[in-house]
Amino acid sequence: MGNDALRPAVFLDRDGVLNRAFPDGRSTRPPRALDELELLPGVAEAVRRLQAAGLALVGVSNQPDLARGLTSAAVVAELNAALQERLPGLLDILVCPHDDADGCACRKPRPGLLLEGARRFGLDLRRSALVGDRWSDVAAGQAAGCRTVLIEGPWSGRERCAPDLVARDLGEAAELLLVRLDGGQGRP
C-alpha cells in the first residue's frame with residue numbers, strides 16, 4: 001500500500017480520555033467491571049465528529065493490572081467490547097498487558113501499540129494524532145511520529161512532556177484537531 005493510500009487517524013487512550021478513571025493513591029485505576037464503565041462527558045459526540053471528518057479511530061491502552069493480577073483478560077475484553085458498542089467509530093482498542101519491568105515494545109511511552117494499529121488498519125502515522133491523559137501517551141505518540149494532544153489533569157505529568165496541544169477533555173481535543181484538519185494542514 002503506497003503512502004497515498006494510508007489514512008490519517010486519531011489514536012485515543014482509553015482510561016481518562018474515553019472513560020472515567022478512578023483515583024487510586026497517587027494515580028488512577030481503570031474500571032474493574034462493566035458496572036464501573038462510564039463514558040466521560042462529550043466523548044460520544046467527539047468520536048462522531050472525528051469519524052465524520054474521515055479519521056480512523058483506534059484506542060491504545062496500557063493495562064498493567066493484567067500483569068499485576070488485579071484484573072483478567074476477559075474483563076479487559078468485556079470493557080473494550082462495551083466501549084466499542086457505545087462508540088461505534090472505534091476500529092479497535094489495542095492493549096498492552098505488561099508492566100514496566102517487562103520491557104515490552106508495546107507499553108507506552110514506547111510506540112508499539114500505535115505501530116501495530118498503523119500496520120493493521122493502513123494508517124499514516126505522520127498524518128495522525130494521539131490524544132492521551134499522561135506524559136507516556138504523549139511520548140508514545142511522538143515516538144511514532146504523530147501530533148500529540150495532552151488532556152491535562154492531576155496525573156498527566158505535564159512537566160515531563162511537550163505535547164503539540166493541550167486540552168481539558170476529548171471534546172476540546174477534537175475541536176483543536178479538526179480546526180487543524182480544516183485549516184488545510186492535511187493532518188489533525
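Note down the net charge around P30, summing +1 for each Lys or Arg and -1 for each Asp or Glu among other residues with Cβ under 15 Å from its Cβ.
-3
So, counting K/R as plus one and D/E as minus one, what does the shell of residues with Cβ under 9 Å around S128 add up to?
With Lys, Arg at +1 and Asp, Glu at -1, the net is +4.
If you build a Gaussian network model of the chain, linking Cα atoms that sit under 10 Å apart, which residue out of V43, V17, V149 swings the most?
In this elastic network of the chain, the residue with the biggest mean-square fluctuation among V43, V17, V149 is V43.
Note down the net charge around A74, summing +1 for each Lys or Arg and -1 for each Asp or Glu among other residues with Cβ under 14 Å from its Cβ.
Net local charge, A74 excluded: -1.
Charges on Cβ only, +1 for Lys and Arg, -1 for Asp and Glu, centred on the Cα centroid of the chain; of L70, P109, L18, which one is farthest towards the dipole's positive end?
Farthest towards the positive end: P109.
Taking 0.36 nm per residue of sequence separation and subtracting the Cα-Cα distance, how much length would be gained by fully extending the chain between A81 and R158, in nm to one decimal?
24.7 nm
With the Cα gyration tensor of the chain in hand, give its eigenvalues times 5 under a square root as the equivalent ellipsoid semi-axes, listed largest first in whole angstrom.
For the chain, the ellipsoid semi-axes come out as 24, 17, 17 Å.
Largest first, please: the extent of the C-alpha atoms of the stretch 80-188 along each principal axis, to the nearest Å.
Cα extents, longest axis first: 41, 32, 27 Å.
Out of residues 5 or more away from L94 or on other chains, whose amide H comes under 5 Å of its own, with H placed 1.01 Å from N in the peptide plane?
Placed amide hydrogens put G59, V60, S61 under 5 Å from L94.
Tell me which GluC sites (Glu not before Pro) from the stretch 11-85 have a DSSP coil assignment and no more than 15 other beta carbons within 10 Å of their own.
Answer in residue order: E38.
Kindly give Rg over Rh for the stretch 1-71, based on alpha-carbon atoms, with the Kirkwood expression for the hydrodynamic radius.
Here the Rg-to-Rh quotient is 1.08.
At a 4.7 angstrom Cβ threshold, list every cysteine in the chain that has nobody to pair with, or say none.
If one checks each Cβ against the other cysteines of the chain, C104, C146, C161 turn up with nothing under 4.7 Å.
Given the DSSP H assignment, sum -39500 (n - 2.57) over each helix run of at least 4 residues in the chain and divide by its residue total; what's the result at 222 nm in deg cm²/dmol, nearest 500?
Helix contribution divided over all residues of the chain: -9000 deg cm²/dmol.
Taking every DSSP beta bridge that has both residues in the chain, what percent is antiparallel when rounded to the nearest 5?
15 percent
Identify the trypsin sites (Lys or Arg not before Pro) of the stretch 17-90 meeting these criteria: DSSP loop state and at most 13 other C-beta atoms within 10 Å of the C-beta.
Qualifying residues, ordered by number: R26, R68.
Mind listing the phi-derived Karplus ³J(HN,Hα) values for the stretch 23-32, rounded to whole Hz, using 6.51, -1.76 and 1.60 with θ = phi - 60°, and x for any glycine or proline?
With coefficients 6.51, -1.76 and 1.60, one gets x, 8, x, 8, 8, 10, 10, x, x, 10 Hz.
Taking amide H positions as placed 1.01 Å from N in the peptide plane, with prolines and chain starts having none, which residues 5 or more places from A167, or on another chain, fall under 5 Å of its amide H?
When sequence neighbours closer than 5 places are left aside, the close amide H contacts are L150, I151, E152.
Every read-out reported here was derived from the displayed coordinates using simple, explicitly stated rules and does not represent laboratory data. Worth saying up front: this structure is predicted, and the values here are computed from it rather than measured. Neighbour counts run over all protein chains shown; Cβ positions are idealised from the backbone, glycine included.
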